[in-house]
1. Within region 212-229, restricting attention to residues that are crowded, with 19+ Cβ neighbours inside 10 Å and within 15 Å of residue 189 (Cα to Cα), which residue is modelled with the lowest pLDDT?
2. Considering each residue of region 273-300, count those that are outside any helix (DSSP H, G or I), loosely packed, with under 15 Cβ neighbours inside 10 Å and either touching a strand residue (DSSP E or B) at 6+ places or on another chain (Cβ under 7 Å) or touching a residue at least 12 places away in the same chain (Cβ under 8 Å) (or both), and give that number.
3. So residue 110 passes all but one of these: (1) under 17 Å from residue 161 (Cβ atoms); (2) buried (at least 22 other Cβ atoms within 10 Å of the Cβ); (3) modelled with pLDDT under 85. Which condition number does it fail?
4. Name every residue in region 122-136 that is more than 19 Å from residue 9 (Cα to Cα) and within 24 Å of the chain's Cα centre (by Cα), in order of residue number.
């Protein structure tokens, strides 16, 4: 089962990368051969990445126009897992001349961790990594392959590191959530609101019994952190009594954004789908949008997707 940081990282990256130019592959498994080497998020830019994308400027600054593979890790990072991430990047580069997803033949692998896996690092890399800044190590593995490892709990909290801090733990994550809501930085606010709505819906059903206890704890922690931050901000601004109304207005704005994201994901999954087939998405509630976005990568055909939308509206 995918763990919390893996899920959250993929969820956030899919929306953020979508704002950049290039070809984005966000699937349960990216076809990099074989199944065991499936990747979560692979971005193949057509032009150098912009430096002003909220929360990810550090990544775009170092990645530039390379193929960008991101692997958020949960728990223990064994040697085999780190080697597997390297293999995914190499397979992507080897297939570059075969696909139609871009011409970049250089790759950047970003490994996000919550502790330094020193044993795995020692066994995988010949030399010590270059410290680019506190919490960020770099290995120029070859002329075509660069590996970055980010310690989510140690990297400094800045506008360009917010994504990594969100994948951290405890106080580090809370600091990032506070800044995101305080400055109303999108698409993070929308995505975290949706994440919380999904969790609350699962809490009212029997869905939680199928979730790993550690992941369940992290989901509850993120939900509590979001609520705590919103309450603190409401008190600071003298809006505690009107907080509920403000949240409702914010959620409606978030719904419009999620509709756009849902349509984008549907088009990425089925590029030839007609716009008329996507119109039912506009009628979905926040909860229904969450269900749709959770399942869009699992549909085998556009017909399956249309049927799923029909069932949601019944």
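The values are calculated or read from the model by the stated rules, or taken from the named source; none is laboratory data. Given the structure is predicted, the values throughout are model-derived calculations rather than measurements. Glycine also receives a Cβ, built like all others from the backbone with ideal geometry; neighbour counts cover every protein chain displayed.
1. 222
2. Of the residues in that region, 1 qualify.
3. Only one criterion is unmet by residue 110, namely (3).
4. Those that are more than 19 Å from residue 9 (Cα to Cα) and within 24 Å of the chain's Cα centre (by Cα): 132, 133, 134.
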